[in-house]
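Every read-out reported here was derived from the displayed coordinates using simple, explicitly stated rules and does not represent laboratory data. Everything numeric here is computed off the predicted structure, so don't read it as measured data. Cβ placement follows ideal geometry from the backbone for every residue including glycine, while neighbour counts extend to all protein chains displayed.
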Amino acid sequence: MADSANIVDLILAKPFESVPYEEKQQGRSTPKIDLVQKIGKNNRSFQLSWYDKVSWLTGSAVTNKMYCWPCLLMKPSHGCVVWSKVGFGDLSNFDRAYKRHEKSNEHVSACARLSCMGRIRVEHAINEGARIQVAKHNETVKQNRAFLNRLIDVTSLLGRQELSFRGHDESSESSNKGNYREFTETLAKYDSILSTQFESSTVFSGMSHTIQNDLISALAATISDQIRDEIQDAPFFGWQADETTDISCRAQLSVIVRYVDSAGKIQERFIGFFDVSGGGARDAQSVFEILNENMQGYNFKDKLVAQTYDGAAVMASDLNGLQAKVKAIAPSAIGHLFWSLQAVQGCPETLLLDGIFTSRIVSTVANNYDGLLQTFENIIADTTMDDDTLDCAKGFVRKLEDFEFVFMLYTYEQIFSETDVVFDIAQQRAMDVLYCKKRIESLLAFVKEKRSEGAFQAVYAKTADLTSDPRDEPMRKRRLTQLQDPQERYRNLYMAILDNILEQIPRRFSNLKSMLFLELANPEKFDDMRQVFPEEAFQSVLKSYGHHFDSGRLMSEIQVLYSDQDLQGNRRKLCDYLVFLKDMELNSAMPQLYKLFSLVATIGATSAGVERSFSCLKRLKSYTRNTMGQGRLSSLALLAIERTLVKSLEKTPSWYNRVTDHFLEKELGTSLSGRMRKTMVRKNMETPKLHSTEASVGEPDWDDLTAVSAPNIHVLPESPLPKY
């Protein structure tokens, strides 16, 4: 601004609001005023000391009048004309006049507004249009978020119930627009927010396939965040991996994590499906890269203590290689295997039941062979059957009358009759490692017994009775591979199958000795262990996981548990002990014992969790939904499998905000129209933010996306935001 000598005159001539902000930073002027008045017999003149006496006083050397500095600048809408425009010059009444002015509402308001100058931009504070626009924008944000919350609810419902989203024809004239559109349109009949948005929206109706995918992905990301947070609070976790083929013949790798949560409950959570159909994608290196890439956020290098595979996700020869690769970067990740014979499949040159290979199917077909054959023959004889049914029945009859098929059927049936019993017992008594070891040894002895000429002859003779002995076929009708003696060929096949099983079982259960520590948490042996402390089992846990424990404290806490009947109670399950220790806050008093029990609970004994994910996969990716993308498939499976977790999160106050945050983070599309549309959606989901250069000390940073209303004074957005 100009020199302080004539600052008052310039303000009188030029409105203060038009003065640049930088020039407004200068203070009041205190010039000497040539003002002398005769009062009675004496003259009274203006005194410079009055500036110190009255902090708001200023004057003009041109008009020789006194003014109020705040009123001069702020220009009250009414009153204070003398002190803000005309000027005060009555020296005889100065004392009474300035005291009366100090108490006026106009003066107090002017002082307050002047005090705020510099902290809140004046053009914003006095611009009513700016305040109105911000208020309207925030109201738009409130409405848009309320609308998005309803779309989140619909998406969550369809995902949890495993229902399809899209329809074949989603046009306005269609009678079936798909579940997503039909649900939202039905709700709109009773919900004003949905109906208003559908009627007035020109940009964002939330019905496009892209928006549906983004909502599904945002929900899945929120669930994954919750699982990740729970694992961060858990002392350990383990993962389970298994592979299956979906309806479109894509190999899907399912990954499950197992851990003890902060409430002391054992959890098995689904991570996702990963496509391993590519060439070489099922070898040890490829599966390792998939696991390493997708599990980085779970801190598995420090917390992973168990890795379990069924052996089918990679070739059996590569299984140890995969475990070694994981263990190289996660030293505590001891390799374990499920109590099953799912991957012990005999010779690779043979396929049983066209690749459908489970002990239940083998047992059912073997035990009902005659009935199945008769049923299919009756169907063929029925002239009312359609062509497709007849073709299927003929195919089954040909298979049931095929010597090789029936031979393989009864070869495996005699093995599975024993393995099913062994593994069922082993699953029930997984913590009794010594007992399980004995059962595995007895199984090996059984298989060795079956690897004999007498056992082979029994299977061969039974097969020949049910079908026809291939040795009776003329040489000219035999296939090139069957030119050798048929019985000798099947003898070699039979022995190769049993040799394969005898090789794989010891390999799959070679780590049983390293799992002796499981017995430390076996309630059935607490009485015995009180008499003789299980030193071998204790050393087992120290050898594999010793860096996680304080060995001296762990031994003391275990001995206290074995000797204290009150601590043991009548609990007979590990999960009951974990909850009891947590509820009684004994996890703090006996932290090493709680950590040991958590470790034992983290090591899964069965593949039930992975098998459940396969059931969900079959329901999600069906014949009518076989073109679903990999990301959408994995996200929908997560919503369906973890529906209990989803419903619990929906009750939390932050649920919608967490999902919305992920929704707003989705990548923009490649097309110009898609980018423009998504940009407008994002802007109208967020409230304006106060820039750091304009923020004052003590003012809030309006960075919370949950905010839906503006303060009395707010900044303008950088550009006008369209309402959609």
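Which log10 I(q)/I(0) values does the stretch 4-117 give at q = 0.16 Å⁻¹ under the Debye formula, counting every alpha carbon as one identical point scatterer?
Each listed q corresponds, in turn, to -0.72.
Starting from 0.36 nm per residue, how many nanometres of slack lie between Met495 and Val81 once their C-alpha separation is accounted for? Kindly include the intermediate steps, with their values, before the conclusion.
On the way: separation 414, 0.36 × 414 = 149.04 nm, distance 11.44 nm.
Taking Met495 through Val81 to full extension adds about 137.6 nm, to one decimal.
If you take the beta carbon distance between Asp275 and Gln531 as r and set R0 to 56 Å, what does 1/(1 + (r/R0)^6) give as a FRET efficiency, to the nearest 0.05? Could the numbers behind the result be given before it?
Values: r = 54 Å, r/R0 = 0.97.
With a Förster radius of 56 Å, E is 0.55.
I'd like the distance between the alpha-carbon centres of the stretch 281-309 and the stretch 55-115, rounded to an integer number of Å.
77
May I ask you to order 248-257, 622-631 by the average number of other C-beta atoms within 10 Å around their residues, highest value first? Don't skip to the answer; put the middle values down first.
Numbers: 248-257: 20.2, 622-631: 11.9.
Ranking the peptides 248-257, 622-631 by packing returns 248-257, 622-631.
A 24 angstrom limit on the alpha carbon distance is what I want to check against. Which of Lys265/Lys595; Lys325/Lys448; Lys38/Lys65; Lys265/Lys647 exceed it?
Values: Lys265/Lys595 13 Å; Lys325/Lys448 33 Å; Lys38/Lys65 16 Å; Lys265/Lys647 18 Å.
From Lys265/Lys595; Lys325/Lys448; Lys38/Lys65; Lys265/Lys647, over 24 Å: Lys325/Lys448.
Can you check what the net charge comes to around Asp550, using other residues whose Cβ is under 15 Å from the Cβ of Asp550 (Lys, Arg +1; Asp, Glu -1)?
With Lys, Arg at +1 and Asp, Glu at -1, the net is +1.
Please work out the FRET efficiency for the pair Lys265 and Glu199, using the Cβ-Cβ distance as r and a Förster radius of 60 Å; give the result to the nearest 0.05.
Numbers: r = 47 Å, r/R0 = 0.78.
Efficiency at R0 = 60 Å is approximately 0.80.
What does the net charge come to around Phe538 if you take all other residues with beta carbon closer than 12 Å to its beta carbon, with K and R at +1 and D and E at -1? Before the final figure, lay out each step's value.
Numbers: positive: Lys543; negative: Glu519, Glu535, Glu536, Glu557.
Surrounding charge for Phe538 is -3.
For the stretch 183-255 and the stretch 521-577, what is the separation of their C-alpha centers, rounded to whole Å?
Cα centroid of the stretch 183-255 versus Cα centroid of the stretch 521-577: 43 Å apart.
What order do you get for 437-448, 372-383 when each peptide is scored by the mean count of other beta carbon atoms within 10 Å, highest first? Write out the running numbers ahead of the final one.
Values: 437-448: 15.0, 372-383: 13.3.
Descending packing order for the listed peptides: 437-448, 372-383.
What does the net charge come to around Gln630 if you take all other residues with beta carbon closer than 13 Å to its beta carbon, with K and R at +1 and D and E at -1? Show your work: numbers first, answer last.
Working: positive: Arg250, Lys621, Arg632; negative: Asp246, Asp275.
Here the charged neighbours net out to +1.
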